[in-house]
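Down below is the structure, laid out as C-alpha cells.
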Amino acid sequence: MTIESEDQLDKLKAVGGLVARTLAAMGQALEPGMTTRELDDLGRALLEKEGARSAPEVTYGFPGATCISVGPDCAHGIPDETVIKAGDLINIDVSAELDGFFGDTGASFAVPPTSARIERLCRDGRRAMWAGIRAVKPGGALNEVGRSIESFARKNGYSLVRNLSSHGVGRSLHDDPAEIPTWYEPRDRRKIPEGLVFTIEPFLSLGADWVEERDDGWSLRPPGREATVQYEHTLVATRRGPVILTLA
C-alpha cells in the first residue's frame with residue numbers, strides 16, 4: 001500500500017512495533033530444550049495481549065501464530081513438538097494484523113555453541129538487509145534494492161534464494177507490489193512512490209539459490225540443505241529516507 005495519511009502511518013507503526021517486540025522477546029526466550037510450539041505460544045500470547053491477530057493464521061489458515069523454521073528449513077516452518085538443540089539455526093517470522101493494518105518482521109538466530117561460519121552468515125544476513133534498506137529512495141528504481149543486496153552477497157561469497165522475495169504490506173499481509181526481488185532484476189522498471197510500504201527480506205545462503213516446499217505443505221528447505229538466513233523489516237519510503245516500522 002501507499003500511505004495517504006498520518007493516521008495510517010501511526011497505525012502501521014503500532015502494529016510494526018508490536019511484531020518487532022514479539023520477535024525480540026521470542027529471540028530472547030529461545031533456548032535448547034524448548035519446543036517450537038512453546039516458542040510460538042509465547043509469540044501468540046504477546047500478540048493477543050495487545051489485541052492483534054496472527055497474520056498467517058487469518059490470511060492463509062497457517063497452523064501456528066508465527067512461522068518457526070529449524071535449519072535446514074529456512075521459512076514457513078510449522079510450530080510443533082520439535083525440540084530446539086544447541087547448534088540449531090532458527091528462523092522466526094512474526095506478522096500480525098492490528099486495527100486493520102499489517103506488520104511483518106523476521107530474523108534468524110544461531111543457538112550457541114555454533115561455528116564461526118554460521119555466526120558470520122547471521123551477521124551478514126543483517127548487513128544484506130540493510131544494504132537493501134539504504135537503497136530505498138522515493139522516485140528511485142525499485143530494482144536498486146535488489147541490486148544493492150546482490151552486490152553485497154556476491155562481494156562476500158554468498159548466494160541469494162531467488163524464489164522468495166520481498167513484498168508490499170499494509171492493508172493485507174501481501175499487498176502491492178506483490179513481489180520485490182532481493183536480487184538485481186534489470187527488466188523491472190518500477191519506481192518507488194513516496195509513502196510505499198513494503199518489506200525487505202533477503203534470504204542469504206551458503207550456496208542455495210532455491211527452496212522447495214516440504215511434505216507438510218508449508219516448510220521451505222534448500223534441496224542441498226545449505227544454511228540459509230532471513231532478516232526482515234517493514235518500512236515506508238519517505239523524502240527523509242526509509243522509515244523502519246518494525247523496530248522494537
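The values are calculated or read from the model by the stated rules, or taken from the named source; none is laboratory data. None of these values were measured; they are calculated from a predicted model. Glycine also receives a Cβ, built like all others from the backbone with ideal geometry; neighbour counts cover every protein chain displayed.
Of all residues in region 66-92, those that are more than 20 Å from ALA45 (Cβ to Cβ), touching a strand residue (DSSP E or B) at 6+ places or on another chain (Cβ under 7 Å) and among the small types (Gly, Ala, Ser) total 3. Kindly indicate whether any position in region 5-25 is among the acidic types (Asp, Glu) and within 16 Å of THR105 (Cβ to Cβ). Taking every residue of region 5-25 in turn, none turns out to be among the acidic types (Asp, Glu) and within 16 Å of THR105 (Cβ to Cβ).
Give the residue that is surrounded by the most Cβ atoms within 10 Å (Cβ to Cβ), with candidates limited to residues of region 61-107 that are polar (S, T, N, Q) and touching a helix residue (DSSP H, G or I) at 6+ places or on another chain (Cβ under 6 Å).
Of region 61-107, the ones polar (S, T, N, Q) are 66, 69, 82, 91, 95, 105.
Next, only the ones that are touching a helix residue (DSSP H, G or I) at 6+ places or on another chain (Cβ under 6 Å) stay: 66, 82, 95, 105.
Working: THR66: 30, THR82: 18, SER95: 32, THR105: 29.
Checked region 61-107; the qualifying residue surrounded by the most Cβ atoms within 10 Å (Cβ to Cβ) is SER95.
For region 128-136, the count of residues that are farther than 27 Å from GLU226 by Cβ, in contact (Cβ under 8 Å) with a residue 60 or more places away in the chain and buried (at least 18 other Cβ atoms within 10 Å of the Cβ) is nonzero. Put simply, of PHE102, PHE109, PHE152 the only residue that is of a type in the set (Phe, Trp, Tyr), more than 20 Å from MET26 (Cα to Cα) and touching a residue at least 12 places away in the same chain (Cβ under 8 Å) is PHE152. Among the residues of region 120-161, those identified as assigned to a loop (DSSP other than H, G, I, E, B) and either of a type in the set (D, E, K, R) or under 20 Å from THR238 (Cβ atoms) (or both) are ALA135, VAL136, LYS137, PRO138, GLY139, GLY140, LEU142.
Once region 162-206 is narrowed to residues that are assigned to a loop (DSSP other than H, G, I, E, B) and of a type in the set (A, V, I, L, M), the residue that is surrounded by the fewest Cβ atoms within 10 Å (Cβ to Cβ) is LEU206. Pairs are defined by a Cβ separation below 9 Å, a sequence spacing of at least 6 or placement on different chains, a first member in region 5-18 that is modelled with pLDDT of 95 or more, and a second member that is assigned to a helix (DSSP H, G or I); the pairs so defined are LEU18/LEU46; LEU18/LEU47.
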